[in-house]
Amino acid sequence: MGEHRLQMTDWRQAVLIEHHHPASKKYDPDAADDNSGNPPSYEAIRTPDALWVEYADGEREYYDIKNDPDQLHNRASSLSKSQQDALHKTLTVLQKCEGAEACRKAGHVGQ
């Protein structure tokens, strides 16, 4: 009664991954420790078959996980502008979502 069961179509298709360089923001809870190796700040989304990364310096990376599981071949330049825009939109919505329902909806690529 009143129970909502999640359907397979309700599951997110993308999750947010973030890394903030230690010097990125004072008191940032997501900033890495000083001894983390200091990779640049980035935000990324991971889907079942792809990884999209946006670095703070503007660089972009895209990996087809099914065909390139070791992420050796950056395919960002092979994506159309509309594909890049859709991935960027999903990443941005995931960064800003608040609450389970909003974040579940945000995790649907291209919506």
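Below, the figures for the structure above:
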read-out: Identity of the residue in segment 80-111, farther than 17 Å from E43 by Cβ and at pLDDT 90 or above, that ends up least open to solvent (accessible area, probe 1.4 Å); value: S80
read-out: Number of positions in segment 42-63 that are more than 15 Å from A14 (Cβ to Cβ) and exposed (fewer than 15 other Cβ atoms within 10 Å of the Cβ); value: 4
read-out: Single condition A44 does not satisfy, out of (1) modelled with pLDDT of 65 or more; (2) in contact with a helix residue (DSSP H, G or I) (Cβ under 7 Å, 6 or more places away or on another chain); value: (2)
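The values are calculated or read from the model by the stated rules, or taken from the named source; none is laboratory data. Not measured: the values here are computed from a predicted model. Every residue, glycine as well, gets a Cβ built from its backbone with ideal geometry; the counts of neighbours run over all protein chains shown. All accessible areas refer to the heavy atoms of the entire protein, side chains included, with ligands and DNA or RNA removed. Shrake-Rupley method; radii C 1.70, N 1.55, O 1.52, S 1.80 Å.
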